[in-house]
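Below is one structure, written out as C-alpha cells; comments come after it.
The values are calculated or read from the model by the stated rules, or taken from the named source; none is laboratory data. All values derive from a computational prediction rather than experimental measurement. We place every Cβ from the backbone using ideal geometry, glycine too, and count neighbours over all the protein chains shown. Please note that ligands, DNA and RNA were not included when accessible areas were found on the heavy atoms of the full protein model with its side chains. Shrake-Rupley method; radii C 1.70, N 1.55, O 1.52, S 1.80 Å.
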Amino acid sequence: MKLHEYQSKQIFSRYGVPIPKGRLAVTAIEARQIAEELGSRVVIKSQVLVGGRGKAGGIRLAKTPQEAEELARAILGMEIKGLPVRKVLVDEAATIEKEIYLGITNDRAALRPVIMASASGGVEIEEVARLTPEKIIKVHIDPLLGFCDYQARDLAAGIDLPKTLWRSFDAIAHGLWQAFIQNDASLAEINPLVVTGDNRLLALDGKMVIDDSALPRHPDLAEMRDLDIEAPAEIEARKYDLSYIQLDGQIGCMVNGAGLAMATMDIIKYYGGSPANFLDIGGGASAEKVAAALRIILSDANVKAILFNVFGGITRGDEVARGILSALAEVKPDIPMVVRLVGVNAEEGRRLLSDAHMLTAETLVEAAQKAVNAAKGEN
C-alpha cells in the first residue's frame, strides 16, 4: 500500500526526521490560510500517488498567499496520469544548497534490508542506478543487529557529506530505519533530503510503501489507503480476502494458489491468449467466496472467456462448483467458461458443472487451449 507524501512525512517526523512546516489543504481557501500562517514563500504540492508531479505542473512555488490560493485552485482542478488531485500539501519553501537521496528497501537477493544514499538526489533513483550506478552507496542491514552508527558514517562519507552534517545525517538515517521497520514498510524514501541555506538537513519529500500483509497489525495505516489508485474490482476483492490484480487481457482466471495462478497465466500466454487478471481464491474457499470472485471477474468488460483451474486439496471441488453455479445464477453471463477441476471431490464438482453445460478439461494444457479458442470465438 502506497502512502501519500504528506502521510509519509508525518510518519518520518515521529521518528525525528526534520520536515518543512506545512499542512494539507483540500480547498484553495485553505491553501491561502496556511500560507498566511506560515508567513513565507510556500510550495503547493499535489498529493497523488504517481511520479512526475512536477513535470505535470502539480508542484508550484507561491510567493504570496494570494498566489498560493490561485495555484492551489489550478492544481486541485488537475488530473495527473489519470488520477484526480483532491488535496494539496502547502509546505514552507526551503533554500536548497544540495540535494541528497536516502532510502531503505528490501534486497531480496541478499535476504536483508538495504539502505541507499546518493549525492544525486532530486531525480528518479532508477535513472541514477541505470546511468551512474557508482553514485549510489549501499549498506546492508543485519536484521538482528539493526542499523549501526558506523554504517551511517559510511554512507555520509560515501556521498561526500560535510562532516558538520554527519551527526544530523546519522539521526535522520536512524529515524528512517525505525520508520521502515516499525511500520512494516517495503520502502521508505526521502528524495530529496536537502542541505538548506542555513546548513541544515531537511526532508522535502517522502515516500513509503507498506506491506499489505502487515496491515492487520497497523489499522491506523490501513485507514490511510487511497482508493483512487485502485481498480473498483480490486477494492471489492479485498472485502472477500481475495488476491486479485486486474490486467488488460481477455481471459479471466480463477485459480486456487498463487503459484498455480502464475502457471495458469503463463500457459494462457504460451497458447496465444492474454490473461485478464490474477486471481487466487486461496485454500478452503467457500461457495460464497467463489461466487464473489466470479462476479469480480465478470465485472471486467474485456473478459471474453473464463478459465477455472482448481486443484482440490484444502479447497473441495464440489464447493468450488457450487460457488460457480451460484454466481452463474446471479449474474447470468453470456461468455464461454472452461473448467479444469481435479483433487478432492473433483468428480462430484465436474458432474455438477457438466449438468450446467460448461466446458471441462482434464489437463491444464487442454483447458488453456479451449479458453484461448473460446476467447477468439472458435469452437
Highest mean first, what order results for 50-56, 5-11 on Cβ atoms within 10 Å?
5-11, 50-56
Can you give me the angle between helix 149-158 and the longest principal axis of the chain, using Cα atoms only, in degrees from 0 to 90, rounded to the nearest 10?
80 degrees
Inter-site label distance for GLU347 and ASP228 at 7 Å from Cα along Cβ, in nm:
5.7 nm
What are the lysines whose alpha-carbon lies under 20 Å from the alpha-carbon of LYS304, with same-chain residues fewer than 8 places away excluded?
LYS269, LYS332, LYS370, LYS376
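Please tell me the relative contact order of region 156-222 in percent, rounded to the nearest whole number, where contacts are Cα pairs under 8 Å and at least six residues apart. Could you put the intermediate results ahead of the total?
Values: 66 pairs, mean separation 16.7, N = 67.
About 25 percent, as a whole number.
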Taking N as the number of residues in the chain, what is its alpha-carbon radius of gyration divided by 2.2 N^0.38 Å?
1.22
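What number, rounded to the nearest 500 deg cm²/dmol, is the helix-based mean residue ellipticity at 222 nm of the chain, given -39500 (n - 2.57) per DSSP H run of at least four residues and division by all its residues? Write out the running numbers ahead of the final one.
On the way: 13 runs with 141 residues, N = 379.
Roughly -11000 deg cm²/dmol at 222 nm, from the helical runs in the chain.
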What residue among VAL209, VAL26, VAL344 has the largest mean-square fluctuation in a Gaussian network model of the chain, using Cα springs under 10 Å?
VAL344
Highest mean first, how do 218-224, 110-116 rank when packing is the count of other Cβ atoms within 10 Å averaged over residues?
110-116, 218-224
Compute the long axis of helix 5-14 from its Cα atoms, compare it with the longest principal axis of the Cα atoms of the chain, and write down the angle in degrees, 0 to 90, nearest 10.
60 degrees
Mean Cα-pair separation over length for region 278-356, i.e. relative contact order, pairs under 8 Å, 6 or more apart, %:
38 percent
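What is the calculated FRET efficiency for ARG41 to SER299, with r their C-beta to C-beta distance and R₀ = 35 Å, to the nearest 0.05?
Values: r = 47 Å, r/R0 = 1.35.
Computed FRET efficiency for ARG41 and SER299: 0.15.
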How high is the relative contact order of the chain, in percent, with contacts defined as C-alpha pairs under 8 Å that are six or more residues apart?
13 percent
Whichever lysines have a C-alpha closer than 25 Å to that of LYS2, once near sequence neighbours (fewer than 8 apart) are set aside
LYS21, LYS45, LYS55, LYS81, LYS87, LYS138, LYS207, LYS239
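Taking R0 as 51 Å, what FRET efficiency do you get between THR164 and VAL50 from their Cβ-Cβ distance, rounded to the nearest 0.05? Provide the component values of the computation, followed by the final result.
On the way: r = 37 Å, r/R0 = 0.72.
Efficiency for this residue pair is about 0.90.
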Post the alpha-carbon centroid distance, region 95-120 to region 144-218, in whole angstrom.
8 Å
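Per the 1.4 Å probe, what fraction of the accessible area of the chain, in percent, lies on carbon and sulfur atoms? Before the final figure, lay out the partial values.
Numbers: 9120 of 18210 Å².
Its accessible area is 50 percent carbon and sulfur atoms.
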Lys/Arg +1, Asp/Glu -1 at C-beta; region 227-379 dipole; positive extreme among MET337, ASN256, ALA287:
MET337
Please give the solvent-accessible surface of MET1 in Å², to the nearest 10, using a probe radius of 1.4 Å with every protein chain present.
20 Å²
At 1.4 Å probe size, with every protein chain present, just tell me what the per residue accessible area of the chain comes to in Å².
48 Å²
